[in-house]
Structures are given as C-alpha cells and as structure tokens.
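Structure, as structure tokens:
The values are calculated or read from the model by the stated rules, or taken from the named source; none is laboratory data. Worth saying up front: this structure is predicted, and the values here are computed from it rather than measured. Positions of Cβ are generated from backbone atoms using ideal geometry, with glycine treated the same way; all protein chains shown enter the neighbour counts. With ligands, DNA and RNA removed, areas are computed over all heavy atoms of the protein, side chains included. Shrake-Rupley method; radii C 1.70, N 1.55, O 1.52, S 1.80 Å.
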Amino acid sequence: MSQCYDVQEITRFSTDLLSAAGLDEDKANAVAEVLVEGDLMGHTTHGLQLLAPYLEEIQSGRMPVTGDYELISERAAVQTWDGRYLPGPWLILKAMEAAESMARSCGTGTVVIRRSNHIACLAAYLKRATDQDLVVVIESSDPATKSVAPYGGLEATHTPNPIAVGYPTDSGPVLLDVSTSITTNGMVGRLNKQNSRLPYPWLKDNQGQATDRPEVLFDEPKGSIMPIGGLDHGHKGYALGLMVEALTSGLAGFGRVQAPTQWGASVMVQVLDPEAFGGLEAFKRETGALADACRNNPVAEGDPQVRIPGERGLDLHKRYSQQGVPLPEGVPEALHDWSKRLGVAFPQARQ
C-alpha cells in the first residue's frame, strides 16, 4: 500500500536532497516542484520515482549542477538552445518563460532544446500556461534510447515520444499528455522490477508476437513497445512518433544521427496567445462549448460521466494536496537510501 506524505514536506525534502547533491538552489527548487507535481496529478512513473535516478545523474557528473543553457540561434518568435544536459525541469520552465514572452509580442513563441537532461512529467507544466490564458504544446524524444519499433517492424528505432497540450476554456483547462506509444519506458521498467505483467499485451517480443511480459524489453534480442493503435492501427501512433522526432531532434539539429549515449531529451516548447488570433474570449467560448458537450454526453447505464482530458489529474491534485501525496512502492525506500547518503532527514509518512 502506498504511503502518503505532506506535499510541502516532501517537496522541501526533495529540494534539500538535490541541494545536498550540489544542485543550484533555483534548479533544485524547479526539479522538486515538477516531480512532486507529477505525483500530485497521478503520473507516478514520472514523479518522485525519478528523483533517485536524477541524483545518480548528478553524482556521476552527467547532470551539471550549475551554469546556464547556450543560445544557439534566435529569431523574433524562435529560439534554439543547447541545454548542456542541465536538469530538464529547470530548462522547461525557463523555455516556457521565454516562449510566453515571445507569444505576448508575436502571438506565438517556440523554444527547441537539444541535449536537455530528462524532463519528467509533461502534464506537470501545462497549467502554468493555461492559468495565464495561453495555449502550450510540449513534445519530447530521447535520441539516446530506442524502445518503440515502427509499425510492422521488429527492431526499436525511437522512444515513446510524448505530446502534451494545455489550453484554457470558459469551464476549466484541458490538459492532455499522451505518449505516441501504448505505454512508457517508466511503466515497463517498474513492472519489470516488480516481476509483474502489463495490463494488456502492449509489447512485441523479438519475433513480433504481442505480449504482456515487460522483460522482453530487456532480454536479448530485445522486443519493443507498440505504437498507439497496437497491432491493428499502430500506423497512427507510429506516424505521430515520427512527427515528434522531427519537431524535437529535427528542429534542434541534434539527435540520433549524432548517436548520443547519455540519458536526455530533445524538446519543443511552443506557446500561443489566443488573443493574437481570433481573440481570447472567442477561443474560450469555442473550446468551452465542445468541452461541455463532451461532459454532458449521454453514457450507457451505469457508466461514469465523460471526463475532459486533465480532469482526473486536477481532481487528484486537489485531493492529494489536502490528504498527502502517495508514493508508489519502492520510491520511499530509494529516497530513504539517498537521505542517509546525503544527510537529509526523510519526512514522516502521514497516518
């Protein structure tokens, strides 16, 4: 059973751990807040489960603890950065600030980042933009990793390549965060460590047979994660995955061709200001009308009401903020180990 922790205490603890590992204060704050936000929204594979691996990245020297990104190119509404493998959450928050500034003056702003470190949960960033009545799009790939095979193929060529979009409506934000594969590396890795199986046959073994056994992603010769759509309609997820690669590594001019070996990300962050298009009021009216039509859609007897993307995450966020955020099995144990190594007191779980 998951243990629950006070949000402020676990955030402070996470910040202190990162600071004790040597990370700059502003970067430690950004990473801790984003990781806890992921757990608050129910994205437990991309919340504090990542803190121990991030600390390993710092101690190995693969994640710089200080310094800034390098601005590679710039136009009125476009910037390209070399993230130098600095902490991903810090880079994304900086990129959102820069993209918002460009969007306020140009209507849109885009920052593309090469060589970011891992960027955690994409959904954790979206409400920062929608609270400002802005639209945000974040896409990410990892050119050092291959776990998803092309539709019809047996050998992995790319990563789950998530797409996240947030936009305001006149009845609350829509927040979506979906991988272009059926599941994520994080979920498969967790279930493999637990000697568990996936809920459905979302993977293919090296012979192309669908399976729910996570170990096929780690055995040799390796299997792969299927694109969204699976064996029947995986061509759709496959096409979306290629699009993400083009808009991240492609636009950044750095990716699989350079064959990096370090865990990281190529990222696109785009912000749009609806006021610069058809107007904010009209935008929110249109998006709100469709959201309401979905919410009020009739359902089969006994089925729950239709939800809007992000509603469950926001409901969990509200509940966990009051009752404490649960951490999945294995996460408190890993963080206890780091608390001893770095001399930072681990908070007590809520009763």
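Checked against (1) assigned to a loop (DSSP other than H, G, I, E, B); (2) within 20 Å of the chain's Cα centre (by Cα); (3) within 30 Å of Glu333 (Cβ to Cβ), Arg84 passes all but a single condition, namely (3).
Quick one: which of Val174, Val188 is over 30 Å from Ala289 (Cα atoms) and touching a Ser or Thr at 6+ places or on another chain (Cβ under 9 Å)?
On the way: Val174 fails: over 30 Å from Ala289 (Cα atoms).
Matching residue, one of Val174, Val188: Val188.
For region 314-351, the candidate set comprises residues that are charged (D, E, K, R) and in contact (Cβ under 8 Å) with a residue 60 or more places away in the chain; within that set, the residue that is nearest to Leu18 (Cα to Cα) is Asp337.
For Val148, indicate whether it is crowded, with 22+ Cβ neighbours inside 10 Å, in contact (Cβ under 8 Å) with a residue 24 or more places away in the chain, under 16 Å from Ile228 (Cα atoms) and of a type in the set (A, V, I, L, M, F, W, C).
Yes; evaluated as a whole, the condition is true for this residue.
Would you pick out the residues in region 1-44 that are in a helix (DSSP H, G or I), more than 17 Å from Gly313 (Cα to Cα), open to solvent by 10 Å² or more (accessible area, probe 1.4 Å) and of a type in the set (Ser, Thr, Tyr)? Thr11, Thr15, Ser19 - these are the residues of region 1-44 that are in a helix (DSSP H, G or I), more than 17 Å from Gly313 (Cα to Cα), open to solvent by 10 Å² or more (accessible area, probe 1.4 Å) and of a type in the set (Ser, Thr, Tyr).
Here the condition is being buried (at least 18 other Cβ atoms within 10 Å of the Cβ), out of contact with any Asp or Glu (no Cβ under 7 Å at 6 or more places or on another chain) and not in a helix (DSSP H, G or I); of Ala156, Ala164, it holds for Ala156 alone. Going by the conditions given, is Gln348 open to solvent by 60 Å² or more (accessible area, probe 1.4 Å), in a helix (DSSP H, G or I), of a type in the set (S, T, N, Q) and out of contact with any His (no Cβ under 6 Å at 6 or more places or on another chain)? The answer is no for Gln348. Here region 240-260 is the region considered, the condition is being of a type in the set (A, V, I, L, M), open to solvent by 10 Å² or more (accessible area, probe 1.4 Å) and under 20 Å from the mean Cα position of the chain (by Cα), and the residue that is nearest to Ser73 (Cα to Cα) is Leu251.
Would you check if Pro304 is out of contact with any Leu (no Cβ under 7 Å at 6 or more places or on another chain) and either among the aromatic types (Phe, Trp, Tyr) or open to solvent by less than 50 Å² (accessible area, probe 1.4 Å) (or both)? Considered against the rule, which asks whether it is out of contact with any Leu (no Cβ under 7 Å at 6 or more places or on another chain) and either among the aromatic types (Phe, Trp, Tyr) or open to solvent by less than 50 Å² (accessible area, probe 1.4 Å) (or both), Pro304 comes out as no.
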